[in-house]
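Enquirer: Structure provided below as structure tokens; questions to follow.
Just so it is clear, none of the values below were taken in a lab; they were calculated from the coordinates. This is a predicted model, so every value here is computed, not measured.
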Amino acid sequence: MAQKEIVWTCPSCRLRNTSELPAGASAQKTVAVRCKGCEREHNVSPALALTSDGTKKSVGVTWL
């Protein structure tokens, strides 16, 4: 089963967050995420890997 979320730490307030991984997400696509602590919006590019069954899994983010 594909991971449906991105786990990340806010670069502004350092709070750990979880955001939904959009359907059709790719490493070249920018995703907007909003921190639940400081309410700031950040742009990230999800780092994705394929699982053994060929589904995508989020393994990190690149900050833009």
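Enquirer: Give the aspartates and glutamates whose C-alpha is closer than 16 Å to that of Lys36, dropping any in the same chain fewer than 8 places away, or say none.
Expert: Leaving aside aspartates and glutamates fewer than 8 places away in the same chain, those within reach of Lys36 are Glu5, Glu20.
Enquirer: Also, quick follow-up: Per the Kirkwood formula on distinct C-alpha pairs, the Rh of the chain is how many angstrom?
Expert: Hydrodynamic radius (Kirkwood, Cα pairs) of the chain is 12.0 Å.
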